[in-house]
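Each value in this text was obtained by applying a stated rule to the coordinates, not by laboratory testing. In this text the structure is predicted, and so the values were computed from the model without any measurement. Because the Cβ atoms are built from the backbone with ideal geometry, glycine has one as well, and the counts that use them run over all protein chains shown.
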Amino acid sequence: MKHFSDQHKLFFSIILVTLFFTGLGLAGWLLVKNQIVPRSEYRLSADRIFVTVPPPWVPETFIAEVLQSSGLDTNATLFDTTLPQKLSQAFLASPWVEEVRQVQIRYPAGAEVQLVYRVPVALVEMVSQGLYPVDRNGILLPTDYFINVAPEKKENYLRITGIRSRPLGVTGTLWGDPLVHAAAQLAGLLEDVTKNLGLVKIIPSHEATPTGTRITCRLQTNSEIEILWGRFEPNDPQNLSKKKHLMEIAELYHSLDNVPAQFQPIDLSKD
C-alpha cells in the first residue's frame with residue numbers, strides 16, 4: 001500500500017507542477033497578449049487587406065466600406081480565430097461581390113481575399129426614374145458608377161425597357177421580376193457581341209400560351225432594326241444557335257443595320 005501511495009503522490013506532484021507552469025505560461029501569454037493586441041500591426045485595417053483587383057465599377061473605397069459596414073474596422077484582430085469567416089461574410093454582404101473564394105490571414109496584420117465580382121451586363125430603364133444596373137442574374141447593383149464616376153459608360157450597355165416593376169429589395173439582391181431576370185440573362189449571353197452587333201435594347205414581355213404564359217424577348221439595334229428572339233429560357237440550347245445565327249446575319253450584311261427591309265424584322269424565334 002505504501003508503494004501505491006507513493007506512486008499516487010508522485011503522480012499528483014507531476015500534475016501540480018504541470019498546472020503550475022501551465023498557469024505561469026497562460027498568465028504570461030495573457031500579459032503579452034494584452035500588450036500586443038492593441039498594437040497596429042496586429043489589428044486589421046483597409047490598407048492591409050489585399051483583394052482581387054477590382055474592376056473599374058467597384059469604388060476605390062470598397063474595402064473600407066466593407067470593414068465599416070461589418071464593424072471590423074474597429075474590432076478586428078489577428079488573434080481572432082474566426083477572422084477568416086468574419087471577413088468572408090463581410091465581403092459577401094457587399095453588392096459588388098458574387099463569391100469569396102479564399103481568405104488568408106497574414107502576419108503582421110493583413111489579409112488576402114480572393115473575390116469574384118459582380119459584372120453589370122445591362123441597365124434597366126424605368127420611365128422618369130433613371131437607369132438601374134443589373135448583373136447577368138438580375139441582381140440589382142449600385143448606380144454610383146454610372147451616375148457620378150463614368151456616366152458615359154452607360155452607352156456601352158444594353159438597356160432593358162418596358163419594365164414596370166420596381167426592385168423588391170436593396171442592391172445586391174434580385175430585382176424580383178421574371179422579365180428583368182430573363183432579359184439580364186439574355187444580356188449576359190450577348191455581352192461579348194453587343195457592341196459589334198450594334199445592339200442597344202432588350203424588350204422582354206409575357207406571351208400567352210395554351211397552358212399559361214411564357215417570356216419572349218425582342219432586341220433593337222442603333223437604327224431600330226428589330227430582332228425577334230422569341231421564347232427565352234436560360235438553359236435552352238437554342239440560345240447559342242440563335243446567337244450564332246445573328247452573328248452570321250451581321251457578317252453577311254456587314255451590319256445588322258444593313259439588313260434589307262424585306263428581311264425585317266430579323267426573326268430568330270423559329271431557330
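Quick look at the values:
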quantity	calculated
Top positive-direction residue, dipole computed over region 40-117 with Cβ charges, set Ile105, Pro54, Gly71	Ile105
Karplus-derived 3J(HN,Hα), 6.51/-1.76/1.60, for each residue of region 91-104, Hz, glycine and proline x	6, 5, 6, 6, x, 8, 9, 8, 8, 9, 8, 6, 10, 10
Span from the region 219-271 Cα centroid across to the region 65-135 one, whole angstrom	38
Global geometry of region 122-267, whether rounded, prolate or oblate, following the gyration tensor of its Cα atoms and the 1.5 cut on a/c	oblate
Peptides 80-86, 258-264 ordered by average Cβ neighbours within 10 Å, highest first	80-86, 258-264
Built amide H within the under 5 Å cut-off of Asp267, gap 5+	Leu228
Antiparallel %, DSSP beta bridges [both residues in region 40-117], to 5	75
Mean separation of Cα contacts under 8 Å, 6 or more apart, over the residue count of region 122-267: relative contact order %	18
Chymotrypsin sites (Phe, Trp or Tyr not before Pro) within region 67-141, DSSP loop, no more than 12 other Cβ atoms inside 10 Å	Phe79
Violating pairs (Cα-Cα greater than 31 angstrom) within the set Lys86/Lys201; Lys86/Lys153; Lys154/Lys243; Lys153/Lys270; Lys86/Lys154; Lys153/Lys242	Lys86/Lys201; Lys86/Lys153; Lys153/Lys270; Lys86/Lys154
Where labels lie 7 Å past Cα in the beta-carbon direction, separation of Glu248 and Phe79 in nm	6.9
Estimated distance in nm for a label pair at Glu60 and Thr173, the labels positioned 7 Å out from Cα along Cα-to-Cβ	3.2
Calculated FRET value between Asp47 and Glu191, using beta carbons and R₀ = 30 Å, to 0.05	0.35
